[in-house]
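Student: Input: one structure, supplied below.
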Amino acid sequence: MSKAAKKLGQKFDSEGFVVIRSLISSRKISEVTAAYDRLMRRSQVSDYFGPKGSRCLKDYLGLEPEMDVLVDHPDILSVTASIDGLPALYTGAGALWYMLDDVPWHCDGRPGRTGMPIKVSLYLDVLTKECGAFRLLPGSHIPSRSMQLMKEFGVWTDNRPRIHPDIPRPLSGEVVVETEPGDVVFWDNRIWHSAPRRLDGLGRRAIFVNYIRDPRDDKSAARDLRDDVADTLRNRTRQFIYPRQMATEVNWPRQRTIQRLLELKVPGVIETNPTPSD
Ligand SMILES: O=C(O)CCC(=O)C(=O)O
């Protein structure tokens, strides 16, 4: 592993995130943005983060080739390989969001959970400190710190862990991640994070893609990966990660991921019956 990759992995492990500037070319971002705008016509209003009419689309693969290639983008996978030594595995989780609500401070899942999640965010607009930029608390992905935060400042809201609204903002130690289209944020999904809505009344156009580090020969981590995917699929309309069409395309990073997921006996890797075209 190169020195730069080692440094990146160390930063990710200690702080819980890395930002790679201009990882996706501006040409690709224009194509992805056009695909996003078309896809979001199928999105539904979601009150998951609040009542302001944010929109979300979960099962979006297989509808727009430009969006499909993003989950197996070689540059994204190569950053995950720098973090971990092996490319991370796409789990079928993630979503497209048009976020009109403030995303409150929270962590995804139970504070203190173990696991090896890497979440990727791509924001399709310029997001600044004053207008919609992502926030996180470095180091708060570490299970003991996460549990401590929950104990000191947390509250369960609708069964979800959040920082109590009475704790003064900005939080001590929070980092604001300003981004431009093409920048990619890699973050440990256990980290505590938030994002304010934009001030101009428009939504934050965001793409989130979830991966898990390759469990190698750790049997218990492989079981966690299978459970994680099974959980994701249970909450989806579709019961598979890759639509059949995507699984048959010549795309080496994708074929490698599929092969590895099958080896690990992950459920629902490929669609068994193709979706009728609509
Ligand atoms: O809107 C964002 O940037 C963060 C979204 C979020 O909280 C999540 O994906 O869990």
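No lab work stands behind these numbers, since they all come straight from the coordinates. Not measured: the values here are computed from a predicted model. Backbone-built Cβ (ideal geometry, glycine too); neighbour counts: all protein chains shown.
Student: Quick one: putting +1 on the C-beta of Lys and Arg, -1 on the C-beta of Asp and Glu, what dipole do you get for the range 1-91 around its Cα centre, in Debye to the nearest 20?
Tutor: On the way: 13 positive and 12 negative charges, 63 e Å.
Using only the charged Cβ atoms, the result is roughly 300 debye.
Student: Exceeding 29 Å between C-alpha atoms, which entries from my cross-link table qualify? They are Lys11/Lys219; Lys3/Lys58; Lys11/Lys52. If you can, show how the numbers build up before the last one.
Tutor: Details: Lys11/Lys219 26 Å; Lys3/Lys58 37 Å; Lys11/Lys52 36 Å.
Lys3/Lys58; Lys11/Lys52, as the Cα separations exceed 29 Å there.
Student: Something else about it: Hand me the trypsin sites (Lys or Arg not before Pro) from the range 9-69 located in a DSSP loop with no more than 10 other Cβ atoms within 10 Å, in residue order please. The partial results should precede the final answer.
Tutor: Details: sites: Lys11, Arg21, Arg27, Lys28, Arg38, Arg41, Arg42, Lys52, Arg55, Lys58; in loops: Arg21, Lys52, Lys58.
Filter output for the range 9-69: Arg21.
Student: Which of the aspartates and glutamates could be linked to Lys151 by a straight reach, that is with a Cα gap under 15 Å, when you skip same-chain ones fewer than 8 residues away?
Tutor: Reachable aspartates and glutamates: Asp166.
Student: Between Asp188, Asp218, Asp13, find the one with the highest GNM mean-square fluctuation for the chain; connect C-alpha pairs within less than 10 Å.
Tutor: In this elastic network of the chain, the residue with the biggest mean-square fluctuation among Asp188, Asp218, Asp13 is Asp218.
Student: Per residue of the range 88-98, in order, report the coupling 6.51 cos²θ - 1.76 cosθ + 1.60 (Karplus, θ = phi - 60°) as ³J(HN,Hα) in whole Hz, putting x for Gly and Pro.
Tutor: So the Karplus estimates, Gly and Pro as x, are 6, 10, 5, 10, x, 8, x, 6, 9, 10, 10 Hz.
Student: Follow-up question, since we're still on this one. Restricting things to Cα coordinates, could you compute the convex hull volume per residue of the chain in Å³? Each step should come with its number before you reach the end.
Tutor: Values: hull volume 37.3 nm³, N = 278.
So the per-residue Cα hull volume is 134 Å³.
Student: Calculate the length of the line joining the C-alpha centroid of the range 20-69 to that of the range 82-110, in whole Å.
Tutor: 14 Å
Student: Applying the Karplus parametrisation 6.51 cos²θ - 1.76 cosθ + 1.60 with θ = phi - 60° to the phi angles of the range 161-177, what ³J(HN,Hα) value in whole Hz is obtained for each residue in order, glycine and proline being reported as x?
Tutor: Values, residue by residue: x, 9, 7, 4, x, 7, 6, x, 9, x, 5, 5, x, 5, 10, 9, 9 Hz.
Student: Determine which lysines satisfy two conditions relative to Lys6: a Cα distance under 20 Å, and not lying fewer than 8 residues away in the same chain.
Tutor: Output for Lys6: Lys119.
Student: Of Ser82, Leu39, Leu137, which is farthest towards the positive pole of the range 16-167's charge dipole, taken about the Cα centre with +1 and -1 on the beta-carbons of Lys, Arg and Asp, Glu respectively?
Tutor: The residue sitting most towards the positive pole is Leu137.
Student: What are the residues whose amide H is under 5 Å from the amide H of Ile270, where those residues sit 5 or more places off or on another chain and H is modelled from the backbone?
Tutor: Here Ile241, Tyr242 satisfy the definition.
Student: I've got another one for you. Can you give the relative contact order of the range 151-245 as a percent, counting alpha carbon pairs under 8 Å and 6+ residues apart? Don't skip to the end; give the middle numbers.
Tutor: Working: 23 pairs, mean separation 8.1, N = 95.
With pairs under 8 Å counted, the relative contact order is 9 percent.
Student: Let me check against my output: what whole-number percent is the relative contact order of the range 1-155, with C-alpha pairs under 8 Å and at least 6 apart?
Tutor: On the way: 136 pairs, mean separation 41.9, N = 155.
Dividing the mean separation by the residue count of the range 1-155 yields 27 percent.
Student: How much of the DSSP beta bridge set in the chain is antiparallel, as a percent to the nearest 5? Don't skip to the answer; put the middle values down first.
Tutor: Details: 40 of 43 bridges.
The antiparallel fraction comes to roughly 95 percent.
Student: Give me a comma-separated list of calculated 3J(HN,Hα) values for the range 212-217, in order, Karplus coefficients 6.51, -1.76, 1.60 applied at θ = phi - 60°, integers in Hz, x for any Gly or Pro.
Tutor: 10, 4, 4, x, 6, 9
Student: Next up: Which whole-number percent is the relative contact order of the chain (Cα, under 8 Å, 6+ apart)?
Tutor: Numbers: 529 pairs, mean separation 72.7, N = 278.
Across the chain, relative contact order equals 26 percent.
Student: Arg41 to Glu130: extension gain in nm, 0.36 nm per residue of separation minus the Cα-Cα distance?
Tutor: Working: separation 89, 0.36 × 89 = 32.04 nm, distance 2.80 nm.
Contour length minus Cα-Cα distance gives 29.2 nm.
Student: Select from Glu178, Glu64, Glu249 the residue whose mean-square fluctuation is largest in a Gaussian network model of the chain (Cα-Cα springs shorter than 10 Å).
Tutor: Result for the chain, Cα springs under 10 Å: Glu249 fluctuates most.
Student: Report, in debye and to the nearest 20, how large the dipole of the chain comes out about its Cα centre when Lys and Arg carry +1 and Asp and Glu carry -1 on their Cβ.
Tutor: Values: 41 positive and 37 negative charges, 71 e Å.
Here the chain has a charge dipole of around 340 debye.
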